[in-house]
1. Assuming GLY234 fulfils every condition listed in (1) at positive phi; (2) at pLDDT 90 or above apart from one, which condition is it?
2. May I ask you to say which residue of VAL201, VAL224 is under 40 Å from the mean Cα position of the chain (by Cα), of a type in the set (A, V, I, L, M, F, W, C) and over 22 Å from SER138 (Cα atoms)?
3. Out of ASN219, ASN206, report the one residue that is open to solvent by 50 Å² or more (accessible area, probe 1.4 Å) and within 28 Å of ASN152 (Cα to Cα).
4. Confirm whether ALA110 is modelled with pLDDT of 75 or more, closer than 24 Å to ARG281 by Cα and in a helix (DSSP H, G or I).
5. Applying the selection to region 155-188, what residues are in contact with a helix residue (DSSP H, G or I) (Cβ under 7 Å, 6 or more places away or on another chain) and assigned to a strand (DSSP E or B)?
6. Of (1) free of Cβ contacts under 8 Å to residues at least 60 places away in the same chain; (2) under 28 Å from ASN219 (Cα atoms), ILE179 satisfies all except one. Which?
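The values are calculated or read from the model by the stated rules, or taken from the named source; none is laboratory data. Small disclaimer: the values here were computed from a predicted structure and weren't measured. All Cβ positions, even for glycine, are placed from backbone atoms using ideal geometry, and neighbour counts span all protein chains on display. Surface accessibility is based on the protein's heavy atoms, side chains included, excluding ligands, DNA and RNA. Shrake-Rupley method; radii C 1.70, N 1.55, O 1.52, S 1.80 Å.
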Amino acid sequence: MKDSIRRESRTGRKIAALIFVFVSVFCLVFFSARGRFETPVANTGLGLILSPFQSAVSWVGDKFIFVKTTVSDIMNVHEQNKLLMAEVEDLRAKNLAANEFEAENQRLRALLGYKESAKQFDLVAARVIGREAATWSSTIVINRGSADGVANDMAVVTAMGLVGHISEAGINSSKVQLILDPRSSVGTLVQRPESRVAGIVEGDINNPTMPRMVNIPKNSDVIVGDVIVTSGFGGIYPKGIVVGKITDIQNEESGLLKYGVVETTVNFQKLEDVAVIVQSREAPPAPLQQTTKSN
């Protein structure tokens with residue numbers, strides 16, 4: 001019984017295979033001979049049979065073309081996006097460079113304006129190129145040296161005020177000791193005409209960004225808000241350069257003197273361009289005269 005079923009199954013498969021081969025051969029012959037003669041009835045019948053297959057092939061072809069076009073468009077958009085991104089980065093870099101040039105021009109214009117107003121000084125413009133790591137807030141390095149006429153103990157300024165003095169002049173670069181340095185001392189006085197109290201501005205190791213005006217007698221006329229300028233004594237700093245203003249006044253431990261905390265007019269955190277006073281035509285101040293008591 002099982003053998004007969006197997007034989008029938010094999011016979012059915014053979015018949016199906018023969019039918020498939022027959023239909024395939026028929027289609028090949030039909031399409032080969034289609035150009036030689038026309039059989040309207042056969043064409044109509046075969047058209048009805050093959051119509052679903054033709055529709056399927058046409059649909060697949062359309063989808064293939066759509067996918068191909070879409071992929072091509074995506075690739076084009078990707079390439080355009082890469083070009084646009086590169087253009088944006090280029091424009092951004094140019095914009096940053098333009099902003100940097102504008103900031104530099106503003107600083108140089110300020111120095112030029114100071115040079116034109118301070119006719120008594122011969123100035124050499126310089127750029128800050130470094131800071132000493134050991135004394136970050138007290139010493140800087142500039143790109144001017146003895147080859148540019150710079151020498152030790154020359155005053156260094158900006159359009160805003162006093163920076164410090166040349167502590168070590170090299171051939172093409174120099175070190176500048178800032179007025180923030182605790183080792184620095186600048187002869188100063190109160191600019192207010194009714195005061196004119198003298199003192200010394202020196203760096204404060206406990207407050208690196210704000211120096212102190214020391215050696216002020218306790219009963220002296222110094223108040224918060226007073227502008228402090230160089231006195232001209234000492235031979236390094238010419239007279240009248242702005243140093244800063246008094247923001248606080250404290251008594252010394254001895255009780256005989258007081259000191260003022262000075263907010264500098266120069267922003268040392270943003271110091272980039274300076275000028276060295278290589279020559280001053282200003283007459284030095286007259287020496288202090290000691291009064292003698294008559295008996």
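1. Failing condition for GLY234: (2).
2. That would be VAL224, the only listed residue that is under 40 Å from the mean Cα position of the chain (by Cα), of a type in the set (A, V, I, L, M, F, W, C) and over 22 Å from SER138 (Cα atoms).
3. Just one listed residue meets the conditions, ASN206.
4. It is false that ALA110 is modelled with pLDDT of 75 or more, closer than 24 Å to ARG281 by Cα and in a helix (DSSP H, G or I).
5. ALA169, LEU178
6. Among (1) free of Cβ contacts under 8 Å to residues at least 60 places away in the same chain; (2) under 28 Å from ASN219 (Cα atoms), ILE179 violates only (1).
Okay, residues lined up against (1) of a type in the set (Phe, Trp, Tyr); (2) farther than 18 Å from VAL229 by Cα; (3) modelled with pLDDT under 85:
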{"site": "GLY260", "(1), (2), (3)": "no, no, no"}
{"site": "ASN267", "(1), (2), (3)": "no, no, no"}
{"site": "LYS270", "(1), (2), (3)": "no, yes, no"}
{"site": "ASP273", "(1), (2), (3)": "no, yes, no"}
{"site": "GLN290", "(1), (2), (3)": "no, yes, yes"}
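Residues are listed down the side, and each one gets a yes or a no for (1) without any contact (Cβ under 8 Å) to a residue 60 or more places away in the chain; (2) over 26 Å from TYR114 (Cα atoms):
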| residue | (1), (2) |
| --- | --- |
| VAL141 | yes, no |
| GLY145 | yes, no |
| VAL157 | no, no |
| MET160 | no, no |
| SER184 | yes, no |
| LEU189 | yes, no |
| ILE205 | yes, yes |
| GLY225 | yes, no |
